[in-house]
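The values are calculated or read from the model by the stated rules, or taken from the named source; none is laboratory data. These numbers come from a predicted model, not from an experiment. Cβ: placed from backbone, ideal geometry, glycine included. Neighbour counts: every protein chain shown.
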Amino acid sequence: MAAGHEAESERVHVEQSLTVSGLRARTRSHAGTRAGKVRTFGPGGPGRGTVPAGHAGTLGSVPPPFGIYVHVPFCATRCGYCDFNTYTASELSGDAASPDGWLAAARREIALAARTVGDRTVETVFVGGGTPSLLGAERLSAVLAAIRDEFAVAPDCEVTTESNPESTSPEFFAGLRAGGYTRVSLGMQSAARHVLAVLDRTHTPGRAVDAAREARAAGFGHVNLDLIYATPGETDDDLRRSAEAVLEAGVDHVSAYALIVEDGTALARRVRRGELPAPDDDVAATRYELLDARLAEAGLRWYEVSNWALPGAECRHNLGYWRDGDWWGVGPGAHSHLGGVRWWNVKHPARWAGLLDAGDAPEAGREELTAGERHTERVMLRLRLAEGMPLDLLDDGGRAAAQRAVTDGLLDGGAHAGGRAVLTDRGRLLADRVVTDLLLAEEDAVGAAGR
């Protein structure tokens, strides 16, 4: 089962799905954006340690913050709602099923990354999955040691690992702290036993709270709990109890996502058979407002549509995604971004490891973003942040649409007067609509100018 969803943010910025096509999917039918240039490579990827086309010219300029994402594909069991690139032991064989085999291949890709990107200082590391805690503290520490061996690492580097509550212990957290980790993200999902059962989660309702306390006792000042709301069978009171459990745990960060029924999952099949009702958008909106109000009351303020934190506890790694940073994704199926070029690794762990063993890059394909596509991404991602985005990022058509959004109560009037587009509380519930309206207005303005 996947440890959590913090590094995904409503499945937009996660390395497993952050491609131009994935980002455009939310607005493609309205904004009329064109497909990007996509090259798919055969066996061996693009070559040994090649700099992605379009990135070489940026190496001499002042680069954006650089992070490393590490994908651990292993899960003890598969959760019914999960469509991530994960595997149980029965689905793998040989070295592909071995944590030590995975670690050896990860070391090789980290070395490849260092040869490729040159002199970049690592400012954040995020280990996700999958269930990274299945590796144990020693192997997770070895991952960080490999990064330190190959890269300059910032003294204040944020180092996060996702973990499942049932595969952690006080000894595990102590080992992580000794290995250099600074932050833990725990997949809690819910404090209601019947909700956990629908999600196929195996931990008890109280285990996530206990794990968070164990992490704090081990010296972790930054702990995230991950929630899923609007699960079939969940009530408002269930979510209230989950919110109280989060606050009882004393964490400084919360991620919360409305359940999405993904095609091809066991949950989707249950909904299709009528065994479970499909999630309701109005219910999800009510639950979001309920959770937001309780977290704000406790001092955890939203800084991204699906993330809340105490001041100074925002996840810097994920902020790098939303602010158009650079990162290298290590692991099967991991996605990377450097200077407007995205590429993604082959998905199967055996294939990924085999390419690295042969001295080849494990890249499956890449896309080079046009200026227009990068603009679309910036609008889509930056508008999700509480800091918003500068209005001068928009053209005249987009700025006119922003003014209309203020009138409609979707963008904050005070922020707009100060030159920024910032979502209101209502705007957060309709963030996709706001983004679509802004981009559509820009497309219409360009079309009108060309007539």
Single condition GLU109 does not satisfy, out of (1) of a type in the set (D, E, K, R); (2) outside any helix (DSSP H, G or I); (3) buried (at least 18 other Cβ atoms within 10 Å of the Cβ): (2)
Search result, residues across segment 255-276 that are modelled with pLDDT of 95 or more and polar (S, T, N, Q): SER255
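Would you mind stating whether PHE151 is in the same structural domain as ARG270 (by TED's automatic domain parsing) and surrounded by fewer than 23 Cβ atoms within 10 Å (Cβ to Cβ)?
Taking the combined requirement at face value, the residue satisfies it.
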Options GLY233, GLY219, GLY274, GLY264: the member that is assigned to a loop (DSSP other than H, G, I, E, B) and free of Cβ contacts under 8 Å to residues at least 40 places away in the same chain: GLY274
Residue check, ASP252 farther than 21 Å from ARG183 by Cβ and at pLDDT 95 or above: no
Selection within segment 174-195 - part of a helix (DSSP H, G or I) and buried (at least 21 other Cβ atoms within 10 Å of the Cβ): LEU176, VAL195
Number of positions in segment 329-351 that are under 19 Å from VAL143 (Cα atoms) and either in contact with a Phe, Trp or Tyr (Cβ under 9 Å, 6 or more places away or on another chain) or in the same structural domain as ALA114 (by TED's automatic domain parsing) (or both): 10
Test result for ALA145, more than 30 Å from ALA278 (Cβ to Cβ) and without any contact (Cβ under 8 Å) to a residue 40 or more places away in the chain: yes
Some residue of segment 87-99 being part of a strand (DSSP E or B) and either among the basic types (Lys, Arg) or surrounded by 23 or more Cβ atoms within 10 Å (Cβ to Cβ) (or both): no
Residue list for segment 219-249, filter: crowded, with 19+ Cβ neighbours inside 10 Å and of a type in the set (A, V, I, L, M): VAL223, LEU225, LEU227, ILE228, ALA230, LEU239, ALA243, ALA245, VAL246, ALA249
Candidates ALA417, ALA401 - the one that is of a type in the set (A, V, I, L, M, F, W, C) and either in the same structural domain as ALA113 (by TED's automatic domain parsing) or surrounded by fewer than 19 Cβ atoms within 10 Å (Cβ to Cβ) (or both): ALA417
Residues within segment 182-200 that are more than 20 Å from the chain's Cα centre (by Cα) and either of a type outside the set (Val, Ile, Thr) or outside the structural domain of PHE172 (by TED's automatic domain parsing) (or both), tallied: 7
